[in-house]
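Just below is one structure, and these are the notes that go with it.
Derivation of every value follows stated rules applied to the coordinates shown; laboratory data play no part. Given the structure is predicted, the values throughout are model-derived calculations rather than measurements. Note that each Cβ is placed from the backbone with ideal geometry, even for glycine, and that neighbours are counted across all protein chains shown.
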Amino acid sequence: MTHAVPPASAALATLGRARSLPVLAVIAVSFAACVTKWATRRRTRMALRQLDASRLDDVGLTPAQAHREAGLVFWRT
C-alpha cells in the first residue's frame, strides 16, 4: 500500500537535507517529518478499517490484506 506524501512532508524532507542548517534544526525537521509520516499511516489505517469489501476491491485489497495492514502499529511499514 502506498501513501500519498503531503506537501508539508516533502518540504520538511527538503529542509532536512539542507546542509546550511544547524544540527539541532536538522534533527528537529527530521523528527517533524517522522511524526508527520506516522500520523499519516495511523489515519490511513484507521480509514482502511472502515472500508467494505467492494471498496477494498476498488483499491485492490482483499479483506484479509486490509485487516492485516490496519492491524499494524503506526511505526511499522
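Things to note:
- Protection-proxy order for peptides 63-71, 47-55, 34-42, each taking the mean of Cβ atoms within 10 Å per residue, highest first: 34-42, 63-71, 47-55
- Potential extension, Met46-Leu72 segment - 0.36 nm per residue separation minus Cα distance: 8.3 nm
- Residue exposure sequence - Phe74, Phe31 - by fewest surrounding Cβ within 10 Å: Phe31, Phe74
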